[in-house]
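Asker: I'd like to ask some things about the structure below.
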Amino acid sequence: MTDKIPTTEVESKPKKQYIDLYEAGSNKIYTRKVKGFYQRLRRYTGIPLLLGFMLLPWFNIEGRQAVLFDLPERKFHILWTTFWPQDFMLLAWLLIIAAFTLFTVTVLVGRVWCGFTCPQTVWTLMFIWAEDKCEGDRNARIKLDKAPWSFTKFRKKAAKHGLWFLISFITGLTFIGYFYGVKDLTVDLFTFNAHPAGAFWVFFFAAATYGNAGFLREQVCKYMCPYARFQSVMYDRDTMLVTYDEARGESRGKRKAREDYKAKGLGDCIDCGWCVQVCPVDIDIRDGLQYECIDCGLCADACDSVMDRMKYPRGLIRFTTQDSMETGETHVLRPRFIGYVVAVCLMIGLFAYTVGTRTPLGVDVIRDRGAKLFRETPEYIENVYMVKINNMGRGESYFSVDVQADETGESPSDYRMKKKYRAYLEEGEIFSLPVSVRIDRDKLNSTKSTIYFVVEAEDDETVHAIQKASFIGPAPK
Ligand code: SF4
Ligand code: SF4
């Protein structure tokens, strides 16, 4: 008999529905430790990235932190170059290039970014390592969680959370060190002299790391990461993916050692479940392509070790393509992939050219609004301008200002500066210099002509900028 839905007045009112975005408790994943090619590859890709992130801010270049995003000063020091808010477009381009590179890699080899290099994956890997060291392997962890509280359980849990906190704190400290200066931040924090905002963000990012890598883990990939949602549109029949060879594996089932399982209609899958137990997102790859799969290859490692034990050929679960499974052929050079590669190469080339030819000097010329359009004497006509110079280079310098008739400076110019103008600017300083430009009355041949201001660093002639302006005069006689 089925229960009837009550139809009292109160209960028939429309009810609010809630979707719980965090799958708590019951679905806790206890991943089994696995050894194999992809597990090693994850280590070899994750460790250099991790070390790069952790160590980079500790290096100095030209007496300054190698990578420092100095927000109060609005300067972004990246290795030998300093970027300014005016260079924001370059940052936007860098992000676009990174996104297209990710698309290109995804078309070729699926979500390997997620499985091997994504910070969520790398930090989760570290947290699982700490868990394994403190609480033991998968079975020991399941047993420990089921056991009532005791001193041993408390000690193991405390050790694990202590290690997690240490990793999280170092992560928060390093991340904020990119903005604050990691050496100053470390000293300031441990002497309780840190700026309250700096200290707050260290603990904020430590807490975020602790929560994401310690508890949320696969839920970040499944429910929070937007990349997981749209990656499937980049896949095609020749994208390499971790795939279960159904034709070879089915029908799955237990069998006795050395029995003729094929005669019983069984495939190579012995239904041991190891591929599911090692999966960090708790899916069964034998159910086919699933959006949760991060292409980490751990199920392939687990299955290969089972195949070795059974003395079956490896590769029941492997990185392969749909085309390869169906026809035995894979087409690497296909239009979509070539299109992405060409687009990325073009963008990288343009970006490198822009950065390579970028002058660390900003110049803006405006007519002096306080002055008349032009000053007239029997000998010459004079215009007054305000030349705004922005020293975006590393270090202070003297800058000279001159005028020329065309952009190249090759044509002889009848225009001249009233006197030699120069300005001393500290690194990052912006200075407005009033200048006067003159031309002999008999050489003026138009009421409005174009002139070019040239601003140049006196100690480095490669640092120069040209800015166009108009010269106004009376009607020529
Ligand atoms: S690890 Fe391999 S053999 Fe075991 S259940 Fe998975 S696919 Fe089958
Ligand atoms: S199914 Fe395999 S490749 Fe996909 S996430 Fe799980 S273990 Fe990694």
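Asker: Look at the range 439-467 and say how many of its residues are over 21 Å from residue 397 (Cβ atoms) and loosely packed, with under 15 Cβ neighbours inside 10 Å.
Answerer: The total comes to 8.
Asker: Of everything in the range 126-156, what is loosely packed, with under 10 Cβ neighbours inside 10 Å and not charged (D, E, K, R)? Give them in sequence order.
Answerer: 148, 149, 151
Asker: Name the single residue, out of those in the range 427-448 being modelled with pLDDT under 90 and of a type in the set (Gly, Ala, Ser), that is farthest from residue 81 (Cα to Cα).
Answerer: Per the stated criteria, the residue is 446.
Asker: Conditions: (1) more than 16 Å from ligand 1 (Cβ to nearest atom); (2) among the small types (Gly, Ala, Ser); (3) farther than 21 Å from residue 320 by Cβ. Residue 232 meets all but one. Number of the miss?
Answerer: Looking at each condition in turn, residue 232 falls short on (3).
Asker: Name the residue, out of 222, 160, that is basic (Lys, Arg) and under 30 Å from residue 323 (Cβ atoms). Reasoning before the result, please.
Answerer: On the way: 160 fails: under 30 Å from residue 323 (Cβ atoms).
Exactly one residue qualifies, and that residue is 222.
Asker: Still on this structure: Quick one: in the range 285-296, which of the residues that are part of a loop (DSSP other than H, G, I, E, B) and surrounded by fewer than 18 Cβ atoms within 10 Å (Cβ to Cβ) is nearest to ligand 1 (Cβ to nearest atom)?
Answerer: So in the range 285-296, the residues part of a loop (DSSP other than H, G, I, E, B) come out as 288-296.
Narrowing further to those that are surrounded by fewer than 18 Cβ atoms within 10 Å (Cβ to Cβ): 288-292.
Numbers: 288: 13, 289: 15, 290: 15, 291: 20, 292: 16 Å.
Among residues in the range 285-296 that are part of a loop (DSSP other than H, G, I, E, B) and surrounded by fewer than 18 Cβ atoms within 10 Å (Cβ to Cβ), the one nearest to ligand 1 (Cβ to nearest atom) is 288.
Asker: Still on this structure: Name every residue in the range 280-304 that is of a type outside the set (A, V, I, L, M, F, W, C) and either closer than 27 Å to residue 216 by Cβ or within 10 Å of ligand 2 (Cβ to nearest atom) (or both), in order of residue number.
Answerer: Answer for the range 280-304, where residues must be of a type outside the set (A, V, I, L, M, F, W, C) and either closer than 27 Å to residue 216 by Cβ or within 10 Å of ligand 2 (Cβ to nearest atom) (or both): 280, 282, 284, 286, 287, 288, 290, 291, 292, 295, 297, 301.
Asker: In the range 301-341, what residues are within 16 Å of ligand 1 (Cβ to nearest atom), out of contact with any helix residue (DSSP H, G or I) (no Cβ under 6 Å at 6 or more places or on another chain), of a type outside the set (S, T, N, Q) and in a helix (DSSP H, G or I)?
Answerer: 304, 307, 308, 309, 310, 325
Asker: Still on this structure: Within the range 305-321, is even one residue touching a Ser or Thr at 6+ places or on another chain (Cβ under 6 Å) and either within 16 Å of ligand 2 (Cβ to nearest atom) or not assigned by TED's automatic domain parsing to the domain that holds residue 27 (or both)?
Answerer: Among the residues of the range 305-321, at least one is touching a Ser or Thr at 6+ places or on another chain (Cβ under 6 Å) and either within 16 Å of ligand 2 (Cβ to nearest atom) or not assigned by TED's automatic domain parsing to the domain that holds residue 27 (or both), which makes the answer yes.
Asker: Also: Exactly one condition in (1) among the aliphatic types (A, V, I, L, M); (2) within 16 Å of ligand 2 (Cβ to nearest atom); (3) more than 30 Å from residue 224 (Cβ to Cβ) is false for residue 332; which is it?
Answerer: With respect to (1) among the aliphatic types (A, V, I, L, M); (2) within 16 Å of ligand 2 (Cβ to nearest atom); (3) more than 30 Å from residue 224 (Cβ to Cβ), residue 332 is out only on (2).
Asker: Are any residues in the range 268-284 part of a loop (DSSP other than H, G, I, E, B), near ligand 1 (Cβ under 9 Å from one of its atoms) and more than 15 Å from residue 38 (Cβ to Cβ), and if so, which ones?
Answerer: 268, 269, 270, 271, 272, 273, 284
Asker: Consider residue 332 against the criteria (1) surrounded by 13 or more Cβ atoms within 10 Å (Cβ to Cβ); (2) within 37 Å of the chain's Cα centre (by Cα); (3) in contact (Cβ under 8 Å) with a residue 40 or more places away in the chain: it satisfies all of them except one. Which criterion is unmet?
Answerer: (1)
Asker: From the list 220, 202, 276, pick out the single residue that is within 13 Å of ligand 2 (Cβ to nearest atom) and surrounded by 14 or more Cβ atoms within 10 Å (Cβ to Cβ).
Answerer: Exactly one residue qualifies, and that residue is 276.
Asker: Within the range 351-374, count every residue that is in contact (Cβ under 8 Å) with a residue 60 or more places away in the chain and either part of a helix (DSSP H, G or I) or within 16 Å of ligand 1 (Cβ to nearest atom) (or both).
Answerer: 3
Asker: Just to confirm my filter: which helices (runs of 4 or more DSSP H) fall fully inside the range 169-257 and include at least 1 residues that are out of contact with any Phe, Trp or Tyr (no Cβ under 8 Å at 6 or more places or on another chain) and more than 25 Å from residue 68 (Cα to Cα)? It would help to see each step written out before you state the result.
Answerer: On the way: elements: 182-190, 196-211, 226-230, 246-249.
By residue number, 196-211, 226-230, 246-249.
Asker: Out of 68, 108, report the one residue that is touching a residue at least 40 places away in the same chain (Cβ under 8 Å), farther than 21 Å from residue 176 by Cα and not β-branched (Val, Ile, Thr).
Answerer: 108
The values are calculated or read from the model by the stated rules, or taken from the named source; none is laboratory data. Here the structure is a predicted model, which means the values were calculated and not measured. Glycine gets a Cβ as well: all are built from the backbone with ideal geometry, and neighbour counts include every protein chain shown.
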